[in-house]
Amino acid sequence: MAVYEKKYVWSILLRLFHWSFALSIFTLIVTGLYINWPWTNTWMEGSHQFTMATMRWIHFIAGMIFTCAVILRLYLWFFGNKYERLTDFLPINGRNVKNLFSTLLYYAYLTNEHEERAGHNALAGTAYFFTIILAVIQAITGLYLLYPESNFFGSLGSIFGTQQEARFIHHLINWYFAWFILVHLYIVVWNSIRNPEGLVSSIFDGHKFLHKK
């Protein structure tokens, strides 16, 4: 009979990042798609409601929360606990490279070998790393579109080209996050079924259940 021990893995800051990031992404996707294609304008035009302004306001608030969440995660990359830092999950050493490929095989049902880890496995960690990089680009392009007259955001955002080009990049990354949510939820459910480590509950209370050694 397997014996498990309860281990504290995710700090309150990591959990705060996760939920603010998740909820702001969902809100930004919904409002962003409406801003791109305001489908209610044809039948609400001329009414007392100003739906586009409301959507833009919600998008702005969610965008600020999103940006703060990204900054918090960048901080935890370097100053979080040992499970939250880049060095624990990026494939920059032999242990993580091995874990990256073994996890790929495990997810593809090509092996039953699975290295139990308290923090992220290397595959998930790498995916999250690139997601945060895209989140930084999303925040910059969003602020560039919001404050085109600002010298700082204008100069920073101009590395992505004109405002129209930055808007296109912003829109594409919006779709990336839509697919990211679906894949993330699938993998979380899949892992919860295959491995009774408390993956879902850990993002609420910070604890996982690992085999006792």
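Observations on the model:
- Flag if ASN36 is closer than 21 Å to TYR144 by Cα and open to solvent by 30 Å² or more (accessible area, probe 1.4 Å): yes
- Residue in the stretch 126-145 that is assigned to a loop (DSSP other than H, G, I, E, B) and farther than 20 Å from PHE26 by Cβ present: no
- Pair list, Cβ < 6 Å and 6+ apart or interchain, from the stretch 70-90 residues that are without any contact (Cβ under 8 Å) to a residue 24 or more places away in the chain and over 15 Å from HIS120 (Cα atoms) to residues that are outside any helix (DSSP H, G or I) and open to solvent by less than 20 Å² (accessible area, probe 1.4 Å): none
- Taking the criterion of being open to solvent by less than 30 Å² (accessible area, probe 1.4 Å) and more than 14 Å from the chain's Cα centre (by Cα), the residues of the stretch 114-137 that qualify are ARG117, ALA118, GLY119, ASN121, ALA122.
- Top-ranked residue of the stretch 172-183 - restricted to ones that are free of Cβ contacts under 8 Å to residues at least 40 places away in the same chain and open to solvent by 50 Å² or more (accessible area, probe 1.4 Å), ranked as farthest from ALA124 (Cα to Cα): LEU172
- Here THR111, THR103 are screened, and the one residue that is among the polar types (S, T, N, Q) and surrounded by 14 or more Cβ atoms within 10 Å (Cβ to Cβ) is THR103.
- Test: residue in the stretch 39-55 that is of a type in the set (A, V, I, L, M, F, W, C), in a helix (DSSP H, G or I) and under 30 Å from TYR4 (Cβ atoms): no
- Within the stretch 191-213, the residues that satisfy the criterion of being open to solvent by 30 Å² or more (accessible area, probe 1.4 Å) and among the hydrophobic types (A, V, I, L, M, F, W, C) are ILE193, LEU199, VAL200, PHE204, PHE209.
The values are calculated or read from the model by the stated rules, or taken from the named source; none is laboratory data. Fair warning: this is a prediction, and the values are worked out from it, not measured in the lab. Glycine also receives a Cβ, built like all others from the backbone with ideal geometry; neighbour counts cover every protein chain displayed. Ligands, DNA and RNA are excluded from the accessible area calculation, which covers all protein heavy atoms including side chains. Shrake-Rupley method; radii C 1.70, N 1.55, O 1.52, S 1.80 Å.
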